[in-house]
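The values are calculated or read from the model by the stated rules, or taken from the named source; none is laboratory data. For clarity, every value in this text was computed on a predicted model and none was experimentally measured. Virtual Cβ from ideal backbone geometry, glycine too; neighbours counted across all protein chains shown. Accessible surface is based on the protein model in full, side chains and every heavy atom, while ligands, DNA and RNA are left aside. Shrake-Rupley method; radii C 1.70, N 1.55, O 1.52, S 1.80 Å.
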Amino acid sequence: MSSKRKKKGGSGDSDESTRAGSIFPDEVLERVLSLVKSRKDRSSVSLVCKDWFNAERWSRTHVFIGNCYSVSPEIVIRRFPNIRSVSLKGKPRFSDFNLVPPNWGADIHSWLVGFASKYPNLEELRLKRMTVTDESLEFLGRSFPNFKALSMMSCDGFSTDGLAAIATHCKNLTELDILENDINDKSGNWLSCFPDTLKSLQVLNFASLNSDVSFESLEKLLTELGTGSFSQDLTLRQYYDLEDAFKSCNNLHTLSGLLESTVLYLQVLFPASANLTFLNLSYAILHSGELAGLLSHCPVLRRLWVLDTVEDKGLKAVGLSCPLLEELRVFPADPYADNLVHGVTESGFLAVSYGCPKLHYVLYFCHQMTNEAVATIVQNCPDFTHFRLCIMNPHQPDYLTKQPMDEAFGAVVKTCSKLRRLAISGLLTDITFEYIGKYAKNLETLSVAFAGSSDWGMQCVMSGCPKLRKLEIRDSPFGNAALLSGLERYESMRSLWMSACKVTMNGCRILAKQVPRLNVEVIKDGGSDECEAESVYVYRSVAGPRRDAPSFVLTL
């Protein structure tokens, strides 16, 4: 019982703390705290007094670790003895843009070894930007008999052999989500490793794989499906078999993949689309008519990911067919295209904002935008919490007025008071950062690329955004003064990433000396103190400098 785990009212406790904790028996307090789901609220609860700290410690079953180097497995295990679900992030987000060298780190294996000895009842593991080997997946499958859910996003290092090990050994699996990973796709035979007796599987997403799989394997799915390529030629009998398979999937709420789909394949999906809330077409090269036909069968869609091959006409169909839409992501089919032949513009974005008033999350890649369009979009959808506008040509101005895009992002932060995440792009001066510092009081994550005029811009953000937790900057003119403007902020933040800026090794050394509890890591080829640091990664850690840093990472 929990009352045997701790003593109330030790010599170091204040009378007030003891009275606050002794109002409830330990078991009642732990039960009450187990109902608190927000990790922020649980962290606040743990600070009330020693008894609440202990009750929160014993009742917590899920832990989120936003940086795998901010803490060690040993510290997590010592703090929380009853964990059954872990969410763990590894590499900085700019690794998605190849700005973090290979073999940088973030290997999952040491975590799994620690969990195996102390968390035998682990049920759920959600990984992002971690290095995962087939050996680690084999170890995972064999070490946790009650394991149920594995989600990996933007991870690397494993193959379909590792997935076969999960399918073979995890007898109670309900979810396997392997979206957008760097996987060695050896064959589709891994799907046949699921035992015939498995009835628990609800979510299976292998949208980034291309190997052939049998339709029989897919018929076991209940609520979520992420397919690979739909590129093979079918006989008439195979087509009807596929159609029958999807007719039986009337409980699907998530569908993804559909690589190389044709109109013929998309029609097969119509009967299974009525209850879809999430449609991920970020691998499917669809055009406007194909998208419009599919969306007309998705009346309750909340989340939509597409490629810009749908063009503005396809986004107008989104505005007409998806009144409940809350999240839209539009990715570039060819991010390195020099000229805008196809793609989306401000017109498509505007059409969505008129038809989808509940929209509050957007990631929008385009080649052109205007200040006026963005101001209108946020007036139509003022509840944005995530606004990530990526104008792909660096330093691109408002293409009509040729003015900087300062007023566009000024409108975003002035209008969207709930804004928590912002990504800015285009031709931007320090005025944008002045607006952010003045108005974005709930901002938690800011991503900056090819923007700003001077150190003053970053100083505005550091002094004006009290809730800022992550700051990501690349190819911008910020130097040592900008870096050191956050001396009093970095310990309350999760991380700072700066690459291709004007920060020098000397500036990084000053930061490391002034705030020794921070890990200040520099990716560089060498050079004097006045040499510019290629990339700087700053993060708070209770575990000290990491022990697996490669030779190209210098920890100051």
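Computed quantities for the displayed model
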read-out: Lone qualifier among Asp212, Asp177, Asp182 - being acidic (Asp, Glu), at pLDDT below 90 and either buried (at least 22 other Cβ atoms within 10 Å of the Cβ) or within 26 Å of the chain's Cα centre (by Cα) (or both); value: Asp182
read-out: Among (1) in contact with an Asp or Glu (Cβ under 9 Å, 6 or more places away or on another chain); (2) free of Cβ contacts under 8 Å to residues at least 12 places away in the same chain, the one test that Leu428 misses; value: (2)
read-out: Counted residues, segment 530-542 - those being open to solvent by less than 40 Å² (accessible area, probe 1.4 Å) and within 25 Å of Glu74 (Cβ to Cβ); value: 4
read-out: Thr131 vs. criteria open to solvent by 20 Å² or more (accessible area, probe 1.4 Å) and among the β-branched types (Val, Ile, Thr); value: yes
read-out: Those residues of segment 449-472 which are in contact with a Leu (Cβ under 8 Å, 6 or more places away or on another chain) and closer than 15 Å to Gly410 by Cβ, in sequence order; value: Ala451, Gly452, Val461, Cys465
read-out: Members of segment 412-439 found to be open to solvent by 20 Å² or more (accessible area, probe 1.4 Å) and among the small types (Gly, Ala, Ser), listed by number; value: Ser417
read-out: Which listed residue, of Thr376, Thr432, is touching a Ser or Thr at 6+ places or on another chain (Cβ under 8 Å), modelled with pLDDT of 95 or more and β-branched (Val, Ile, Thr); value: Thr376
read-out: Residue among Thr370, Thr445 that alone is hydroxyl-bearing (Ser, Thr, Tyr) and more than 25 Å from the chain's Cα centre (by Cα); value: Thr370
read-out: Any hit, segment 306-313, residues being open to solvent by 60 Å² or more (accessible area, probe 1.4 Å), modelled with pLDDT of 95 or more, in contact with a helix residue (DSSP H, G or I) (Cβ under 8 Å, 6 or more places away or on another chain) and among the basic types (Lys, Arg); value: yes
read-out: Residue check, Ser476 at pLDDT 95 or above, polar (S, T, N, Q) and touching a Gly at 6+ places or on another chain (Cβ under 6 Å); value: yes
read-out: Filter pass, Thr401 being in contact with a Pro (Cβ under 8 Å, 6 or more places away or on another chain), open to solvent by 20 Å² or more (accessible area, probe 1.4 Å) and within 20 Å of Asn371 (Cβ to Cβ); value: no
read-out: Single condition Asn519 does not satisfy, out of (1) in contact (Cβ under 8 Å) with a residue 60 or more places away in the chain; (2) open to solvent by 10 Å² or more (accessible area, probe 1.4 Å); value: (2)
read-out: Breaking point among (1) within 23 Å of the chain's Cα centre (by Cα); (2) open to solvent by less than 10 Å² (accessible area, probe 1.4 Å); (3) touching a residue at least 40 places away in the same chain (Cβ under 8 Å), for Leu471; value: (3)
read-out: Those helices (runs of 4 or more DSSP H) lying entirely in segment 90-181 with at least 3 residues under 28 Å from Ala543 (Cα atoms) and touching a helix residue (DSSP H, G or I) at 6+ places or on another chain (Cβ under 8 Å); value: 109-118, 134-143
read-out: All positions within segment 444-461 that are under 19 Å from Met493 (Cα atoms), surrounded by fewer than 24 Cβ atoms within 10 Å (Cβ to Cβ) and not small (Gly, Ala, Ser); value: Glu444, Thr445, Leu446, Gln459, Cys460
read-out: Residue identified as open to solvent by less than 40 Å² (accessible area, probe 1.4 Å) and either in contact with an Asp or Glu (Cβ under 6 Å, 6 or more places away or on another chain) or at pLDDT below 95 (or both) among His367, His360, His342; value: His367
